[in-house]
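**Q** Here's a structure for you.
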Amino acid sequence: MANHFTRHGLMCIIAALFIFLPIDGYSQTEGGLKCLVLDAGHGGRDSGCLSKDKKYSEKNIVLSVVLKLGKMIEDEHPDVKVVYTRKKDVFIPLAERADIANRNKADLFISVHVNANPSPVPRGSETFTMGTHVSDRNFEVSKRENAVIKMEDDYSTKYEGFNPDSPESYIIFSLLQNAYSEQSIKFAKFIQDEYAKGPVKHGRGVKQAGFLVLWRTTMPSVLTEIGFLSNLDDLKILVTEEGQRKIARRLADAFTRYKDDYESRNTLDNGPAEPNNEPKDIEQMPKVKEQEVKPNQEPEVKTKEPEVKPQQNPEPREKDKIEQVDKFYAIQIMAVNKKLASNAPDLKGRRDARFIYQDGRYKYYLGNYKNREAAAKDLPKVRKSFKGAFVIVVREGVIYSK
């Protein structure tokens, strides 16, 4: 494959990868954190990093850590379903690892890896979230981890021409951003805080880089490098059962912190209950309070409030009536499988965001514009917070792209 793309080739890659843009998220909904996916990096014919004497491999070390971590979480959080991308020494394609998390509607994804460097000096742990690399070092790490796709059959077609060695390929990560970056960064910070307790005490911080496995996931996700096989001090810890157990303990404690924080923000009374299976209103309105009627007393007749019959949606507010009847334009910011809490971090403080339940998803939008030009004028400002935002037209409560 050529080292550089033509402009046409690059645009084809971007257009194709938009298909996999993680718009339909599952996390940050009201309720608890219910599903965690643990990914032991590499496996099978992909050994990952090797120690200088070739005696120890990344694939075996991270599998041992992940199995210990999963057991801890299963024992300490029986309400959490733990799913593993692999539990033995097998090769799993990068796309399949993300697909496992997406199919299970996971609330969190953790990919565990071990680092290496031509120099024996670098040491310590670091945790990555999805983003654009800001240093040559971060690019080298993402290039190494993404290179595993070369072991997959027909990877050029499967990944729409993505070349892990070409800087031009990574342009897509500056155009498309994982929808859960804030939550991912928070969890990554929890991990690095816990790592500081040892056994690998040297922390290299939270970083961003373009990892395919993180970009394709539709939930908060991190890739954590637990130490360097190329550094003798780290190696002595990474290859022992006790060292692996302590690292798993740090990750388990970070998970508990994240879960507690997650549930404290998402189990509050943030509005009306879940709608019926096929709600037709743009947003759920407060229920009409039933009138108290004392014995032998006729109920007061309120002529201004319409009767709300069972199994029907309440009458929309006056301003919503206009939107439901007339055509208007808006800016769609996301579509998710579950209704978000009104203060969910995904909404980035936009309490004016409304949703339309359509095609099995809650499609959130901003604004009420008379024409497409007016909406398009505000689109760049909205995209500063919501990278994948686009203009829509709403006719009688149904979203259309044109």
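The values are calculated or read from the model by the stated rules, or taken from the named source; none is laboratory data. Worth saying up front: this structure is predicted, and the values here are computed from it rather than measured. All Cβ positions, glycine included, derive from the backbone under ideal geometry; neighbour counts span all protein chains shown.
**Q** Can you pull out every residue in region 345-356 that is modelled with pLDDT under 90 and either of a type in the set (Val, Ile, Thr) or crowded, with 20+ Cβ neighbours inside 10 Å (or both)?
**A** 346
**Q** Mind checking whether some residue in region 372-381 is more than 18 Å from residue 218 (Cβ to Cβ) and assigned to a loop (DSSP other than H, G, I, E, B)?
**A** Scanning region 372-381, I find no residue that is more than 18 Å from residue 218 (Cβ to Cβ) and assigned to a loop (DSSP other than H, G, I, E, B), so the answer is no.
**Q** If I ask for residues that are touching a strand residue (DSSP E or B) at 6+ places or on another chain (Cβ under 9 Å), surrounded by fewer than 18 Cβ atoms within 10 Å (Cβ to Cβ) and farther than 30 Å from residue 263 by Cα, which ones from region 374-398 would you list?
**A** Within region 374-398, 374, 376, 377, 378, 379, 390, 393, 395, 397, 398 qualify.
**Q** Now for a different question. Search region 181-220 for residues being out of contact with any helix residue (DSSP H, G or I) (no Cβ under 6 Å at 6 or more places or on another chain) and at pLDDT below 80, and hand back the single one that is farthest from residue 114 (Cα to Cα).
**A** 215
**Q** Kindly provide the set of residues from region 234-260 that are of a type in the set (Gly, Ala, Ser) and more than 21 Å from residue 57 (Cα to Cα), ordered by number. Give the derivation first.
**A** Filtering region 234-260 down to residues of a type in the set (Gly, Ala, Ser) leaves 243, 248, 252, 254.
Answer for region 234-260, where residues must be of a type in the set (Gly, Ala, Ser) and more than 21 Å from residue 57 (Cα to Cα): 252, 254.
**Q** Would you mind finding the one in 206, 200 that is part of a strand (DSSP E or B) and assigned by TED's automatic domain parsing to the domain that holds residue 130?
**A** Numbers: 200 fails: part of a strand (DSSP E or B).
Exactly one of 206, 200 is part of a strand (DSSP E or B) and assigned by TED's automatic domain parsing to the domain that holds residue 130, namely 206.
**Q** Name the residues in region 216-244 that are surrounded by fewer than 21 Cβ atoms within 10 Å (Cβ to Cβ) and either within 27 Å of the chain's Cα centre (by Cα) or among the acidic types (Asp, Glu) (or both), would you?
**A** Step one: of region 216-244, the residues surrounded by fewer than 21 Cβ atoms within 10 Å (Cβ to Cβ) are 232-233, 236-237, 239-242.
Within region 216-244, 233, 241, 242 qualify.
**Q** Quick test of your reading of the structure: residue 287 fulfils all but one of (1) surrounded by fewer than 17 Cβ atoms within 10 Å (Cβ to Cβ); (2) in a loop (DSSP other than H, G, I, E, B); (3) modelled with pLDDT of 80 or more. Name the failing condition by number.
**A** Failing condition for residue 287: (3).
**Q** Restricted to region 33-85, and to residues that are over 20 Å from the mean Cα position of the chain (by Cα) and basic (Lys, Arg), which residue is surrounded by the most Cβ atoms within 10 Å (Cβ to Cβ)?
**A** Checked region 33-85; the qualifying residue surrounded by the most Cβ atoms within 10 Å (Cβ to Cβ) is 59.
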